[in-house]
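Engineer: So that we are looking at the same thing, I have put the structure below in structure tokens.
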Amino acid sequence: MSSTIHKSSSFDSSYDVVVIGAGLGGLGAALNLALSQKSVLLLEQHNLPGGFASSFVRGRFEFEISLHEMCAVGPPEGPLKGPIRYILHDESSVDVEFVPVPEAYHLILTGKEHKVNVKLPFGVENFIDTVCSAVPETPRESLVKYFDLCRECSEALTFVARSKGNIDYKILMAKYASFLTTSGYSAAEVTNKFGFPKKTLDLLYPYSCYMGLPASRLDFTIWASLLHLYITQGAYIPKGTSHQMCAAIDARIRELGGQTEYNNRVQSILVENNKVIGVETDDGEKIKTNYVITNCSPHLVYGKLISPANAVPEEAYKLNNSRRLGVSAFVVYMGLDASPKDLNLESYGYFISPHMDTEKINKSMLQCENMPDLTASICLNNAIPNCSPPGTTILSITTAFGIDIWKNITPETYFATKNKLARQMIEQVSKALDSPISEHIEEIEVATPQTFSRYTGSFKGGVYGYDLDPWDSLVIRSQVKNKEEFFKGLEFAGGFAAMGHGYNSSLLSGRQAARSVLWKMKKEGG
Amino acid sequence: MEVYGRSKDMAQASKMQRERKKRWKNASPVPDIEDPIKELSMGLHLKNFQLIITDILDATKTTKTYRLKLAPNFELKRLPLFRAGQYLSVKVNVDGVKVTRPYSISSAPSDILEDGFYELTIKIKDDGFLSTEFFEKWKTGNIVSVSGPHGNMYFDDLRDSNEIVGIAGGSGITPFRSIIREIVAQKLDLKLTVLYGSRHEDDIIFAEELSNLAGKLPDKIKVVNICSEPSENWSGPSGFINAELIKKYAGPIEGKTFFICGPQAMYEFLEKEIQNLNIPNRRIRRELYGQPDNITMNPKYPVEFKDKTFNIIVRIGNKIETIKASATESVLVSLERAGIGVDSQCRSGECGFCRSLLISGDIFVNNEIDGRRAGDKKFGFFHPCSSYLLSDLEIKIPSFKFVKFSPIK
Ligand SMILES: Cc1cc2nc3c(=O)[nH]c(=O)nc-3n(C[C@H](O)[C@H](O)[C@H](O)COP(=O)(O)OP(=O)(O)OC[C@H]3O[C@@H](n4cnc5c(N)ncnc54)[C@H](O)[C@@H]3O)c2cc1C
Ligand code: FES
């Protein structure tokens, strides 16, 4: 019997780069580094990759944990093909298949003022047609112009992202004038200029819920880009859940010579003279490296990981404190023993709410006595029919809560609170869709901010990085990036990094962090 | 801003940049590290914590109930709460062999709130590697390492009927004792009928206690003991629990939820009986039974392999080690025997905690419960606790270094 195996090292003594966390950001970073033939070690505390981008099994069902739809994938070929597809397929040969989501969203508003039951399609023209026929008083021309503005902002954002902080303002002024004009304003400020009737806005705004901010606080450029990309490129999901996509990326990293290790928590990022010199794992093993890409938030990195702690400048804490932590999520996952048809579930994604007032919706997320106003439901079978056994359905209902809202929940009140909220959400959806959900629940699981904290270790259970207010927008973040680097060799990836949250941004930010490290290595003649 | 007039001054963008600077400058320099959500999480489950045995109650000639409280010096306010029916994964080190075992918590969540304890009721199996150890060596004052609570066999008012029929066999009574105590403590509003199968009368665990508790709330709790090999003095029902007995004691099936917990043999027998009763899938919850006593009893097991032994090349990070393994033991058990170990919880293939990479070789997966994710099947991951060797293997297992084991001396 040998117990010696646990004493010698599992790791090389040093690596070009150590990536902390195998969420989408960490995976994206490690993939690009492995592709560039750097020695890379990816350390993940959990026993599988993905972070929030994962799945779990109950009985006969495998549930998608977080994904509703992925942006920036686009069709397999042609001008609308998106960067995610390019990076995963063309650049990195990752074995992942994408399935299109059938419609943009099915909106159901149940309030007295404006009752709505409309399915909004992809494609700008189709989308506009549907809005105009559902709300005939919509000024069509303005809506066409609005989408054109969104396109320009989206293209400008890509241009800014590519210029890595050295933006060529001449090109920006010449090609993306409206982007400059609208930059720094909120979605509401710009959109209101178009004078759309409130009913039109009701149909237009649902996607903004994915950003976790009301229109008055959400940076317009980001909103415009999101709307444009979804409506033009469509939305996709990976075949076989996000876990399958993450397992594919993990497999490819290993194939390319990278090392990925699970059940390995990084306890400290070791620094000396404001420079990264290595990391230390939970059991005290030290690994040398000059570059660390971290998938965990600046809150955790500066608050808990940097060692010695007194190496962290006050400026770093202040910066963290000046920013706003995004929302956390609440999801009811159900495996139902009836077909989607028997359950009256004809669409893939539903937004259901009494109203579409984004201010009111956001306010309703700042308490947890009762469910917030808006839910987003996904019937996975309507994109992937065989995702569950014949005659069954996978349905999830999601809502969000402000980051501090669950802080007074105790273990004693926890189970009752979550079941009460889940029951209200199931009732809301049942009623809106005339669907006998509760008579068919074979499996049910409810994830709360506590659940997300438990599995990913995310700070306060947040799932959404820092809020994308106009003063903390992608453009501003990319302009100030260099000034906010407190340690040489430390880069951030994932939802808390400059590009913000979401599957596509997290993956892309990982790649961006890797490119940045590669560039620095080259500059140092490494 | 003038969208159509196209003023290009970016005034607002610059203003926002100043705004960001201002917020930065005026922000508090105190690191924000308090995390109430993490604290909540620690009040509900933990990866590794230590308990102390404060009492040992003899339940029957082959079972003991251990009362466990938080070990002194452990930084926790209180034991993690749970839902009646869940289990703990106990981590033990027997002479260098580190193993885990799942045990349902036989006490109720309300016992934590009132007296701060869990109880585990452990039955010795004649050939049980560990239960013998427990029986002989666990003493009052010993420290026990556990993780949890885990598990999915609990009452959920969103899914289950509040009329529950429990079917228990042997030590499978433990989660029902927890539920019953919780009903008596008025924390669960359920009607519960338990059909409890034992071999002899003196094998019935908690006979007196459960009958007393049921007597307190006769409208809500009913416990029917059924003996398969009773003595002459036995006046209750006898035989195996079958469809007829279920109908007789539980009444109409319609609208009730069934919870089943017992040894593997009981599940196999009940499977057909349950089919006869036409209970919909969603009305049946089965607790896992851990690793099967004998994999060759699985009709799908390729018996020609049963006497074979193989080699496993085991990688942990950069480390490599080769071990011998017998075909009829799960890969997890072989690893544990070799002193390597992988952390595990359910040991039934379901929870995915032992997820490892199969680099090469063939395995037989105990197909009763294959809790693997589709992506894991595709990319060569397997659950060692429910996998058996059909050839030499090369595998990569996650490191297992943070778990503390309670040594059994
Ligand atoms: C319910 C829900 C629904 C969502 N819906 C969508 C959607 O429809 N579309 C969309 O685009 N986005 C959606 N999102 C958002 C999206 O999931 C996230 O923005 C994205 O996955 C964040 O990725 P990340 O790279 O920041 O990594 P994370 O997922 O945060 O992963 C970080 C990883 O680091 C690990 N880690 C942390 N600390 C350490 C340490 N010290 N040592 C080692 N490892 C560590 C963690 O275990 C984790 O695996 C949703 C999120 C949720 C929760
Ligand atoms: S321990 Fe649960 S699947 Fe192996």
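Engineer: If one computes P(r) from the Cα atoms of chain B, what percent of pairs lie at distances over 27 Å?
Structural biologist: Numbers: 47960 of 83436 pairs.
Beyond 27 Å sits 57 percent of the P(r) for chain B.
Engineer: Would you work out the charge dipole size for the protein assembly as shown about its Cα centre, treating the Cβ of every Lys and Arg as +1 and the Cβ of every Asp and Glu as -1, and quote it to the nearest 20 debye? Kindly include the intermediate steps, with their values, before the conclusion.
Structural biologist: Values: 109 positive and 109 negative charges, 506 e Å.
Dipole about the Cα centre, nearest 20: 2440 debye.
Engineer: Per residue of A:59-72, how many C-beta atoms from partner chains lie within 10 Å of its own C-beta, taken as a mean? Working shown, then result.
Structural biologist: Working: counts 9, 1, 0, 6, 1, 0, 0, 0, 0, 0, 0, 0, 0, 0.
Mean partner-chain Cβ count within 10 Å for A:59-72: 1.
Engineer: On alpha-carbon atoms, Rg over Rh for region A:122-234 using Kirkwood Rh?
Structural biologist: Details: Rg = 14.1 Å, Rh = 14.5 Å.
Rounded to two decimals, Rg over Rh is 0.98.
Engineer: Taking only Cα atoms, what is the 0 to 90° angle, nearest 10, from helix A:220-233's long axis to the longest principal axis of chain A?
Structural biologist: 80
Engineer: With springs connecting C-alpha atoms under 10 Å apart, model chain B as a Gaussian network and identify which of B:282, B:20, B:83 has the largest mean-square fluctuation.
Structural biologist: B:20
Engineer: Another question about this same structure. At a temperature of 37 °C and a viscosity of 0.692 mPa s, determine how fast region B:245-314 diffuses translationally according to Stokes-Einstein, using the Kirkwood radius over alpha-carbon pairs as Rh; express D in µm²/s, rounded to the nearest whole number. Display every interim value, and only then the final one.
Structural biologist: Numbers: Rh = 15.0 Å.
In µm²/s, the coefficient is 219.
Engineer: How high is the FRET efficiency from residue B:370 to residue A:360, r the C-beta distance, R0 35 Å, rounded to 0.05?
Structural biologist: Numbers: r = 46 Å, r/R0 = 1.32.
Between residue B:370 and residue A:360 the formula returns 0.15.
Engineer: Semi-axes of the equivalent ellipsoid of the protein assembly as shown: what are they in whole Å, largest first, if each equals the square root of 5 times a C-alpha gyration tensor eigenvalue? Before the final figure, lay out the partial values.
Structural biologist: Values: eigenvalues 486, 224, 124 Å².
The three semi-axes for the protein assembly as shown are 49, 33, 25 Å.
Engineer: Once the Cα gyration tensor of chain A is diagonalised, what are the square roots of 5 times its eigenvalues, in whole Å and ordered largest first, as equivalent ellipsoid semi-axes? Write down the numbers at each step before the final one.
Structural biologist: Values: eigenvalues 267, 160, 95 Å².
Output for chain A: semi-axes of 37, 28, 22 Å.
Engineer: Across 10 Å bins from the origin, how do the percents of Cα pairs in region B:163-286 run, short distances first?
Structural biologist: Whole-percent P(r) values from 0 Å outward: 13, 48, 33, 5.
Engineer: Treating only the Cβ of Lys, Arg, Asp and Glu as charged (+1, +1, -1, -1), what charge dipole size does chain A show about its Cα centre? Round to the nearest 20 debye.
Structural biologist: 1120
Engineer: Counting partner chain Cβ atoms within 10 Å of every residue's Cβ in A:42-49, what's the average?
Structural biologist: Details: counts 0, 0, 1, 2, 2, 9, 8, 1.
So the per-residue partner count for this stretch is 3.
Engineer: OK, next. Counting only C-alpha contacts under 8 Å and six or more residues apart, can you give the relative contact order of chain B as a whole percent? Kindly include the intermediate steps, with their values, before the conclusion.
Structural biologist: Details: 799 pairs, mean separation 60.5, N = 409.
It rounds to 15 percent for chain B.
Engineer: Among the listed pairs A:164/A:286; B:139/B:308; B:47/B:139; B:125/B:319; A:418/A:481; A:341/B:300, give every one whose C-alpha distance is greater than 30 Å. All intermediate terms of the calculation are to be shown ahead of the outcome.
Structural biologist: Numbers: A:164/A:286 32 Å; B:139/B:308 39 Å; B:47/B:139 24 Å; B:125/B:319 36 Å; A:418/A:481 39 Å; A:341/B:300 36 Å.
Exceeds cut-off: A:164/A:286; B:139/B:308; B:125/B:319; A:418/A:481; A:341/B:300.
Engineer: May I ask you to derive the relative contact order of region A:128-246, considering only C-alpha pairs under 8 Å and at least 6 residues apart, and to give it as an integer percent? Don't skip to the answer; put the middle values down first.
Structural biologist: Details: 98 pairs, mean separation 40.1, N = 119.
RCO, region A:128-246: 34 percent.
Engineer: What does the helix-only formula give at 222 nm for the protein assembly as shown: each DSSP H stretch with n ≥ 4 adding -39500 (n - 2.57), the total divided by the residues, and the result rounded to the nearest 500 deg cm²/dmol? Mind showing how you got there, number by number?
Structural biologist: Values: 25 runs with 268 residues, N = 935.
The helix contribution divided over the protein assembly as shown gives -8500 deg cm²/dmol.
Engineer: With θ set to phi - 60° and the Karplus curve 6.51 cos²θ - 1.76 cosθ + 1.60, what are the ³J(HN,Hα) couplings of region A:451-459 in order, to the nearest whole Hz, using x for Gly and Pro?
Structural biologist: 5, 5, 5, 4, 7, 10, x, 5, 4
Engineer: What residue among B:287, B:232, B:119 shows peak mean-square fluctuation when chain B is described by a Gaussian network model with Cα springs under 10 Å?
Structural biologist: Looking only at B:287, B:232, B:119, the largest GNM fluctuation is found for B:232.
Engineer: Taking the Cα atoms only, what angle lies between the long axis of helix A:24-35 and the longest principal axis of chain A, rounded to 10 degrees?
Structural biologist: 50
Engineer: Go through A:393, A:509, A:408 and say which Cα lies farthest out towards the positive end of the charge dipole of chain A; charges sit on Cβ, +1 for Lys and Arg, -1 for Asp and Glu.
Structural biologist: Selected residue: A:509.
Engineer: Starting from the Cα of residue A:412, step 7 Å along the direction of its Cβ; do the same at residue A:488; then give the gap between the two resulting points in nm.
Structural biologist: Result: 5.5 nm between the two label points.
Engineer: Sticking with this structure for a sec: Over region B:297-399, what number does the Rg to Rh ratio reach, with both radii from the alpha-carbon atoms and Rh per Kirkwood? Please report the intermediate quantities before stating the final value.
Structural biologist: Details: Rg = 12.4 Å, Rh = 13.4 Å.
That ratio equals 0.93.
Engineer: Give the percent of DSSP beta bridges with both residues in the protein assembly as shown that are antiparallel, rounded to the nearest 5.
Structural biologist: Working: 96 of 149 bridges.
About 65 percent, rounded to the nearest 5.
Engineer: Would you grab the residues whose amide H sits under 5 Å from the one on residue A:466? Only those 5+ places off in sequence or on another chain, please, with H modelled 1.01 Å from N.
Structural biologist: Close amide H contacts, sequence-distant or interchain: A:326.
Engineer: Could you rank the peptides A:189-195, B:168-174, A:512-518 by their average count of other C-beta atoms within 10 Å per residue, with the highest value first?
Structural biologist: B:168-174, A:512-518, A:189-195
Engineer: Using only C-alpha atoms and all pairs of different ones, pull out the Kirkwood radius for region A:333-464 in Å with one decimal. Write down the numbers at each step before the final one.
Structural biologist: Values: mean 1/r = 0.0640 Å⁻¹.
Mean inverse Cα-Cα distance, inverted, gives 15.6 Å.
Engineer: Let me ask another. With unit charges on the beta carbon (Lys/Arg positive, Asp/Glu negative), name the residue among B:65, A:201, B:164 whose Cα is farthest towards the positive pole of the charge dipole of the protein assembly as shown.
Structural biologist: A:201
Read the figures in this text as sums done on the coordinates, not as results from a lab. Owing to the predicted nature of the structure, the values given are computational and were not obtained by experimental measurement. Please note: Cβ atoms are built from the backbone with ideal geometry, for glycine as well, and neighbour counts cover all protein chains shown.
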